[in-house]
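Here the structure is laid out as structure tokens; the discussion comes afterwards.
The values are calculated or read from the model by the stated rules, or taken from the named source; none is laboratory data. All of these numbers come straight from a predicted model, not from anything done at the bench. Don't worry about glycine lacking a Cβ; one is built from the backbone with ideal geometry, like all the others, and counts go over all protein chains shown.
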């Protein structure tokens with residue numbers, strides 16, 4: 001069962017806060033895997049990646065479906081939807097839809113689509129860790 | 001089941017942010033083996049140092065107190 005330790009991150013107004021992070025092994029068009037740590041965001045409909053991850057995974061960015069993603073501030077960002085094979089600690093492999101932004105100015109996020117409807121994800125605030133199991 | 005480098009990242013979050021906030025980093029065997037502005041740049045640095053061995057990328061966002069939802 002994959003278990004991911006949370007990470008303490010500094011904030012401007014609230015000191016250090018615990019953030020749930022997951023490690024994913026992403027497989028690109030070239031079949032090469034790349035391990036990436038990204039924040040788990042239950043508020044995000046779809047997972048989000050920065051532009052340079054498309055380059056690294058040899059994914060032709062603009063071949064995906066064009067969408068706009070909107071943060072809480074309301075500013076839209078252009079992104080393209082791609083299905084990317086992802087593995088969680090050699091335990092679960094899923095094809096996840098990612099919105100890959102055309103910029104580096106977004107966070108990498110693991111959102112709900114294809115993830116929270118496929119896996120049981122338990123946030124443990126006592127041990128500051130996230131457990132991922134099959135439903 | 002925990003990955004050693006991922007655990008190292010979690011254990012060293014505050015100091016990594018203090019040093020590399022806003023950057024991508026690559027970590028291998030408890031060591032930062034790449035720092036830069038894009039995943040490609042950092043992965044290239046890491047490959048020069050560790051070859052085909054595993055390394056983890058993380059973008060150290062500076063927007064720690066921004067609520068962000070991808071709708």
*Go through B:38, B:7 for me and flag whichever is more than 21 Å from residue A:130 (Cα to Cα), within 8 Å of chain A (Cβ to nearest Cβ) and either more than 10 Å from the chain's Cα centre (by Cα) or exposed (fewer than 14 other Cβ atoms within 10 Å of the Cβ) (or both).*
B:38
_Residues satisfying the stated conditions in the range A:53-67, i.e. touching a helix residue (DSSP H, G or I) at 6+ places or on another chain (Cβ under 8 Å) and loosely packed, with under 15 Cβ neighbours inside 10 Å_ = A:60
_Among (1) over 21 Å from residue B:42 (Cα atoms); (2) at pLDDT 95 or above; (3) more than 11 Å from chain B (Cβ to nearest Cβ), there is one condition residue A:99 misses while meeting the rest; what is its number?_
(3)
*Quick one: would you say residue B:64 is at pLDDT below 95 and within 22 Å of residue A:111 (Cβ to Cβ)?*
yes
_Selected residue (criterion: nearest to the other protein chains (Cβ to nearest Cβ)) from residues of the range A:68-80 that are surrounded by 17 or more Cβ atoms within 10 Å (Cβ to Cβ) and touching a strand residue (DSSP E or B) at 6+ places or on another chain (Cβ under 6 Å)_ = A:69
*asked:* Please list, ordered by residue number, the strands (runs of 3 or more DSSP E) wholly in the range A:1-61 having 2 or more residues that are under 13 Å from the mean Cα position of the chain (by Cα) and at the interface with chain B (Cβ under 8 Å from one of its Cβ atoms).
replied: A:21-27, A:33-40, A:47-49
*Output yes when any residue across the range B:16-29 is within 11 Å of chain A (Cβ to nearest Cβ), more than 17 Å from residue A:24 (Cα to Cα) and either in a strand (DSSP E or B) or more than 11 Å from the chain's Cα centre (by Cα) (or both), and no when none is.*
yes
